[in-house]
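**Q** One structure is given below, represented as C-alpha cells, and several questions about it will come after.
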Amino acid sequence: MSVDVSQCRACGHRVYPARLWCPACGHDRAQAVAVEYAELQAWTAMPAKGADAPAIIATARACPQGPVLVLRLEEMPSHAGQRLRLFERRMQGQSLPWASVLPA
Ligand SMILES: [Zn+2]
C-alpha cells in the first residue's frame, strides 16, 4: 500500500499532485515514487453526503522526504504527529490518497 507522488529528476523535490514544472528548480521531468508512511499534521471532520460517518480530511507530511498531502482518514486520529499508513482508493473514477492511523 502506498501513494505515488511526483519527484523531480533534477533536484529530487517531491510534490503532490504532479506539476508540469518543479516548483523548486523549474525542471520539467519528474518520476513517480511510492510513499508508504506519513506524519499527521492536522485534521477536520466534515459531514459526508449520503454517509453515516463524517469524512475525516487531514494534512500529513510523507515520511521521510515529504511532500505534504491532503488526504482522507479511515478513522478519527487522537493527536498531531501520529504515524499514518498511506494507500490509494478509487473514488468516482480517480485514485485518491487515503490513510489509516497506525497504533502508537
Ligand atoms: Zn527540481
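**Q** Report, by chain and number, residues whose modeled amide H sits under 5 Å from the one on TYR37, excluding near sequence neighbours (fewer than 5 apart, same chain).
**A** CYS63, LEU86
**Q** Can you list residues from other chains, or at least 5 along the same chain, whose modelled amide H is less than 5 Å from the amide H of ALA55?
**A** MET46, ALA48
**Q** Give me GLU88, GLU36 ranked fewest to most by other Cβ atoms within 10 Å of their Cβ, as a rough exposure proxy.
**A** Arranged by neighbour count, lowest to highest, GLU88, GLU36 become GLU36, GLU88.
**Q** Here's a follow-up. Could you compute the net charge surrounding LEU96? Neighbours are other residues with a C-beta less than 13 Å from the C-beta of LEU96; K and R count +1, D and E count -1.
**A** Details: positive: ARG72, ARG89, ARG90; negative: ASP4, GLU74, GLU88.
Value of the local net charge: 0.
**Q** Need one number for the chain: average projected area of the convex hull over its C-alpha atoms, nm².
**A** For the chain, averaging the hull's shadow over all directions gives 7.2 nm².
**Q** What are the ³J(HN,Hα) couplings of segment 27-41, residue after residue, when phi is run through the Karplus curve with 6.51, -1.76, 1.60 and θ = phi - 60°? Round to Hz, x for glycine and proline.
**A** Per residue, the Karplus-derived 3J(HN,Hα) values read 5, 10, 10, 9, 10, 7, 10, 8, 10, 9, 10, 8, 10, 5, 9 Hz.
**Q** Let me ask something else about it. For VAL68, which sequence-distant residues (separation of 5 or more, or a different chain) have an amide H within less than 5 Å of its own amide H, given hydrogens modelled in the peptide plane?
**A** Close amide H contacts, sequence-distant or interchain: ALA62.
Every read-out reported here was derived from the displayed coordinates using simple, explicitly stated rules and does not represent laboratory data. Because the structure is a prediction, the values reported are computed rather than measured. Every residue, glycine among them, receives a Cβ derived from its backbone with ideal geometry; neighbour counts consider all protein chains shown.
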